[in-house]
1. Go from 0 up to the bin containing the longest alpha carbon distance in segment 131-265, width 10 Å each, and give me the % of pairs per bin.
2. Using the 2.2 N^0.38 Å rule of thumb for compact globular proteins, work out how segment 263-318 stacks up: its C-alpha Rg over that value, please.
3. Taking a cut-off of 19 Å between Cα atoms, list the aspartates and glutamates near K130, but don't count ones fewer than 8 places away on the same chain.
4. Under 28 Å Cα-Cα from K37, which lysines qualify once same-chain neighbours fewer than 8 residues away are excluded?
5. Treat each spin label as a single point 7 Å out from the Cα along the C-beta direction, and report the K292 to M230 distance in nm.
6. What number does the chain give for Rg over Rh if you use C-alpha atoms and the Kirkwood radius?
7. Nearest 0.05, what FRET efficiency do R28 and Q64 give at R0 = 22 Å with Cβ-Cβ as r?
8. Sort K130, K171 so that the residue with the fewest other Cβ atoms within 10 Å of its own Cβ comes first and the one with the most comes last.
Amino acid sequence: KKQVTILGIETSCDETSAAVLVDGVDLRSHIISSQIKTHQKYGGVVPEIASREHSLHIQPVVEQTLAEAGVGFTDLTAIAVTYGPGLVGSLLVGVSGAKAMAYAAGIPLLGINHLEGHIYANFLEHHDIKFPLAALLVSGGHTHLILFEDHGKYRVLGYTRDDAAGEALDKVARALGLGYPGGPQIQNTSRGGNEQAFKFPRAMLEPGSLDFSFSGMKSAVLNTLNSARMKGETLNVPDLAASFQQAVVDVLVHKALTALEQTGVKTLLLAGGVAANRLLRETLDYELSQRKVRLVYPSPILCTDNGAMIATAGYYHFLEGDFAPWTLNAVPGLNL
Ligand code: KG4
Ligand code: ZN
């Protein structure tokens, strides 16, 4: 049987990343070129700068990824690329580059939904995942609970009605003066804080609802900060960070447990940048072991944006013969 060698390319936000993956499990090389340092001084990702940086980095990143894997374009079976959701200028750099390379090499192009990519990071590292399963996807732009019957067969159970979990963490971190990206800063700052110091609300919505709402929880922190400022008080930042992190994790865990009760599935996948959060992992680890449900999550480096997850999702699309047309375009608002 011929090997399936996929080059995966990810440029949806502020990481230019590429990976070479053989037969869906053997990661031969993986490079993530992060722009975080460039965007940090602005307190968040500047779209125009992001696309320019991708243009500068995509070719060297791909060349180095192929060189490290010891393969050339002619050894590739297909090229997988993120075509949405994300920043349009950033997506276009990856999509145009992948199209040009695949066309020149005479191999198929695979268009990958970034959200699906996050979930497939789990299949790269864990080779015994059983369907049906639920997935909690928590990133900077999305918060979704999804039921998977099989590869490519899924139904969205709930999603955020306003801010994504990562977005709320980023905004609170910014208000606390912790910088960008906020999630890791909140996690680190929380270590020295008391998570019971502040009673922030937990937005659970209607009983049984699997939707999320983080905007009010975020506002509660901002209001607490503002009223303290007006009174000339200074608040303990680690306490604030720890209390907010606990509130966000409480909601995510409660909703995940509700989804597991409602569906009866015995496996939960965590995915997206916020899936790197230690408190979230540890809390779910404990809660799910009590319920005899298997918890699966990727290594932290595969939780945040990367090319390996796109190559992995690409492998399953390739097996299905699900190729993209040469007219593939960036779809910034693509959903699941
Ligand atoms: O998946 P991702 O890299 O990009 C999107 O597709 O959005 O997720 C980025 C998000 C950011 O909001 C970042 O603050 C958050 O993931 N994040 C974390 C952690 N690492 C990244 N949030 C909480 N704890 C972390 N350790
Ligand atoms: Zn992402």
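Just so it is clear, none of the values below were taken in a lab; they were calculated from the coordinates. Remember, it's a predicted structure, so these values are computed and weren't measured experimentally. Quick reminder, even Gly has a Cβ in these numbers, built from the backbone with ideal geometry, and neighbours come from all protein chains shown.
1. In order of increasing distance, the bins hold 13, 40, 29, 14, 3, 1 percent.
2. Dividing the Cα radius of gyration by 2.2 N^0.38 Å gives 1.27.
3. Result set, ordered by chain and number: D23, E116, E149, D150, E261, D285, E320.
4. K171, K218
5. Those two pseudo-labels are separated by 5.4 nm.
6. Checking Rg against Rh, the ratio lands at 0.99.
7. Efficiency for this residue pair is about 0.95.
8. With the fewest neighbours first, K130, K171 line up as K130, K171.
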